[in-house]
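So the structure is just underneath, and the comments pick up after that.
Every number here is computed from the coordinates shown, using simple stated rules; none is lab data. Here the structure is a predicted model, which means the values were calculated and not measured. Here Cβ is always computed from backbone atoms with ideal geometry, including for glycine, and neighbour counts include all displayed protein chains.
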Amino acid sequence: MATDYDAPRRDEVDLGEDSLEELKARRVDSQSGAVDVDEAEVAENFELPGADLADEELTVKVLPMQQDEFRCSRCFLVHHRSQLAHERNGELICHECA
């Protein structure tokens with residue numbers, strides 16, 4: 001709550017003179033900025049974990065392994081040749097698995 005330090009100050013006698021109705025009116029005025037939110041509309045945007053996605057279709061373009069790539073014999077991921085750590089008995093091993 002902002003305080004106006006230039007406003008004239010009220011002494012304790014003036015503070016005790018506020019009526020109960022006036023204090024309630026001030027409290028209601030300060031709370032009048034509430035925003036109404038439609039809970040159903042907000043809930044539609046959330047996707048719960050484990051939701052049924054059987055009817056969803058995912059299309060991914062799969063490229064064949066390129067000349068400058070290799071498949072790690074431990075993690076079976078395709079890496080660029082720059083990730084090759086070493087070759088042991090014909091098995092190619094990446095830096096992450098080495």
- Query: For the stretch 70-81, which residues satisfy the criterion of being in contact (Cβ under 8 Å) with a residue 12 or more places away in the chain and either within 35 Å of the chain's Cα centre (by Cα) or closer than 13 Å to residue 98 by Cα (or both)?
  - Reply: 71, 72, 73, 74, 75, 77, 78, 79, 80
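This table checks each residue for (1) touching a Cys at 6+ places or on another chain (Cβ under 8 Å); (2) surrounded by 10 or more Cβ atoms within 10 Å (Cβ to Cβ); (3) of a type in the set (A, V, I, L, M, F, W, C).
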| site | (1), (2), (3) |
| --- | --- |
| 46 | no, no, yes |
| 53 | no, no, yes |
| 56 | no, no, no |
| 69 | no, yes, no |
| 76 | no, no, yes |
| 82 | no, no, no |
| 86 | no, yes, no |
